[in-house]
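This report concerns only the one structure given below.
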Amino acid sequence: MSLLFYENSTRTRLSFESAIRALGGTPQSLAISSSSVQKGETLSDTALNLLALGASGFIIRHPSPGASLQLAHSLRNPAVPIINAGDGSHAHPTQALLDAATLLQSWGLSAEKELPLQGKTILILGDIRHSRVARSNLELLPRLGAQVLISGPGSLLPSALELAAFPGVQSHSFPDRLLREVDAVMVLRLQLERQESGFIPSLAEYRHFWGLTQERAQLLREDAWILHPGPANPGVEIDLEVMSSRRSKILDQVRMGVATRKAVLSWAWAPGSET
Ligand code: CP
């Protein structure tokens, strides 16, 4: 499998590499910064050349929303699996799958049930607007039966038009009341580059109102879990002490990444799967 990572990654790339090796395959990571992409080679030409060099499928992370779908349309070869490892602010499907798997495991729930997360309320907190992790979770978690709430600064919430695509998802400006009630909170990375674009007045104000500080984490129920997809900005959207607290599932999410990606790769190679 060729890994085409046009954006940086630690967790996703390394867990896909581990998963491929565990399944008996060979991961081949193209170093984009020293490749002919820098000379202007297109995504589809790059992929065609890697196929000629022996690749049999692609795992792609790209800053452009829809890049993996575009590659699938360019290649038009259902025998070549293409897995989206994050495309712009659009989607990060394997992250949402590993988040759901972490929650199921933490609650001892079976994935065999039709709606295994029914009765659970999950708050997604922070920069929803620019988050592919949020979008994939807004699609997946309600399908598993969960009630999903979102909270963040107005400038970092999805528009009403976009939210209409996720029926049942409730949007709230401030999180404190919600934190007392939810079964889990998923904190998102504040994309610091957004601050310069005027999305938030200051990091200090963001932390004051939306950061999962030690004080704010005490609002959570004793049995509520804390998730974060990583990488985090400790001291901004979440405190270091909260990240390493008893209720934090952050490193369990990372561990679950390998198992989840093994499952996705096995599915992608199963007879009858489509790219
Ligand atoms: N959660 C996530 O996608 O992390 P990386 O960017 O390190 O892969």
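At a glance:
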read-out: Qualifying residue in region 232-245 (condition: within 16 Å of the ligand (Cβ to nearest atom) and more than 23 Å from H130 (Cβ to Cβ)); value: no
read-out: Leading residue by the ranking (farthest from the ligand (Cβ to nearest atom)) among those in region 3-26 that are closer than 16 Å to S56 by Cα and in contact with a Pro (Cβ under 8 Å, 6 or more places away or on another chain); value: R21
read-out: Helices (runs of 4 or more DSSP H) contained in region 70-180 and holding at least 2 residues within 13 Å of the chain's Cα centre (by Cα) and either on the phi < 0 side of the Ramachandran plot or among the aromatic types (F, W, Y) (or both); value: 93-107, 132-143
read-out: Residue within region 196-219 that is among the basic types (K, R), farther than 30 Å from A79 by Cβ and open to solvent by less than 40 Å² (accessible area, probe 1.4 Å) present; value: yes
read-out: Conditions (1) in a helix (DSSP H, G or I); (2) open to solvent by 60 Å² or more (accessible area, probe 1.4 Å); number of the one not met by R246; value: (1)
read-out: Qualifying residue in region 257-273 (condition: surrounded by fewer than 17 Cβ atoms within 10 Å (Cβ to Cβ), among the polar types (S, T, N, Q) and away from the ligand (no atom under 16 Å from the Cβ)); value: yes
read-out: Inter-residue pairs, beta-carbon under 8 Å, first free of Cβ contacts under 8 Å to residues at least 60 places away in the same chain and in region 257-272, second in a helix (DSSP H, G or I) and more than 16 Å from the ligand (Cβ to nearest atom), 6+ apart; value: none
read-out: First in region 23-43 and closer than 21 Å to R261 by Cα, second anywhere and of a type in the set (S, T, Y), Cβ under 6 Å, 6 or more apart; value: Q28/S2
read-out: Subset of region 1-55 that is among the aliphatic types (A, V, I, L, M) and not in a helix (DSSP H, G or I) - its residue that is surrounded by the most Cβ atoms within 10 Å (Cβ to Cβ); value: L4
read-out: Candidate set from region 222-231 (those that are more than 16 Å from the ligand (Cβ to nearest atom) and surrounded by 13 or more Cβ atoms within 10 Å (Cβ to Cβ)); member that is nearest to D183 (Cα to Cα); value: A224
read-out: Of residues in region 82-136 being without any contact (Cβ under 8 Å) to a residue 40 or more places away in the chain and open to solvent by less than 10 Å² (accessible area, probe 1.4 Å), the one nearest to the ligand (Cβ to nearest atom); value: L117
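The values are calculated or read from the model by the stated rules, or taken from the named source; none is laboratory data. Source: prediction; values computed, not measured. Heads up, the Cβs are rebuilt from the backbone with ideal geometry, glycines too, and the neighbour counts pull from every protein chain shown. Surface accessibility is based on the protein's heavy atoms, side chains included, excluding ligands, DNA and RNA. Shrake-Rupley method; radii C 1.70, N 1.55, O 1.52, S 1.80 Å.
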